[in-house]
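Coordinate-derived values only; no laboratory data. Here the structure is a predicted model, which is why all the values come from computation and not from measurement. Here the Cβ positions follow ideal geometry from the backbone for every residue, glycine too, while neighbour counts run over all protein chains shown.
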Amino acid sequence: MIRTEQGYAQIFKIYGKSETEVKEKIQDLLKCGGAVVIYTRRRGKDVHVLAETQAEDEESAKAALKPVAKEIKKALGDMYYSTKENETMEETVVRLLTKYGLTVTTAESCTGGMVAAKIINVPGASDVFDQGYITYSNKSKRKILDVSKATLKKYGAVSEQTAREMALGGVLAADADACVAVTGLAGPDGGTEEKPVGLVYVSCCMKDEVIVEECHFNGTRQEIREHAAVTALDLLRRMIIRSRQ
């Protein structure tokens, strides 16, 4: 819960979605009247959902916001990554890994260690992270992650198939509970009509299940890499939640 000019609010932070997508999830709640007002706002790549009350004291605010927050959580599902105003994606991920006693490794190509760096920036990361891999070349993908030569030849380094094998290989190489992998084209050159700059595949392997997501990012090389790194962490977060259900 945070202090606002009007009183108090409960915040729900969502990464990488448009306000339209978020509003569709909570459209019925947005129509509700009453003492609690629900609205959205954009902050960089985040969209925030806020439930706000004009209650004069914290205890009254908690009582007013609790049932509304419950409905928002139900509507958003695993879309939101934090209800704490200043908690980052990587802090959320490390908190969840620690809570459930899980370890993670990283297998990165275009992000070049950015995912691992974000995790390591969080105090206590040593309890959940032992090692990560930067496999920028096809040779390193084969040698370290055991990505098959046939996969690379047929589908290329930037492909769903390669991302899948990177995540699987990372888990085995590090003997970790999970691996999050990233491969893509950050530009500014190297894109084609079939595989344009900004095409990124993020994948996560956990409990013998692998999920791969195809992403299309815009921006500079650094912006694409940053977006890819946080998106990969968000996929890991959702996989952790899914594994506990």
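Quick check on region 116-220: what are the equivalent-ellipsoid semi-axes from the Cα gyration tensor, as sqrt(5λ), descending, whole Å?
Square roots of five times the eigenvalues give 24, 17, 12 Å.
Averaged over every viewing direction, what's the projected area of the C-alpha convex hull for the chain? Give it in nm², one decimal, please.
Computed as one quarter of the Cα hull surface, the answer is 14.2 nm².
About its Cα centre, how strong a charge dipole does region 2-82 have in debye, to the nearest 20, once Lys and Arg get +1 and Asp and Glu get -1 at the Cβ?
It works out to roughly 340 debye.
What distance in nm lies between label points placed 7 Å from Cα along the C-beta direction at residue 127 and residue 54?
Modelled inter-label distance: 4.3 nm.
Of the listed peptides 140-149, 62-71, what is their order by residue-averaged count of other C-beta atoms within 10 Å, with the highest listed first?
So the peptides 140-149, 62-71, ranked by packing, come out 140-149, 62-71.
Equivalent-ellipsoid semi-axes (√(5λ), Cα gyration tensor) for region 24-153, whole Å, largest first?
41, 18, 12
I'd like the chymotrypsin sites (Phe, Trp or Tyr not before Pro) in region 46-102 restricted to DSSP loop residues with at most 16 other Cβ atoms within 10 Å, sorted by number.
100
Take peptides 93-99, 232-238 and line them up by average Cβ neighbours within 10 Å, highest first, as a rough protection proxy.
232-238, 93-99
Quick one: length gained pulling residue 194 to residue 100 fully straight, 0.36 nm per residue minus the C-alpha distance?
29.8 nm
Take every Cα-Cα pair in region 2-82 and report what % of them are more than 20 Å apart.
The calculated P(r) of region 2-82 puts 27 percent of pairs beyond 20 Å.
What's the center-to-center distance, using Cα atoms, between region 55-73 and region 216-235 in Å?
So the separation of the two Cα centres works out to 34 Å.
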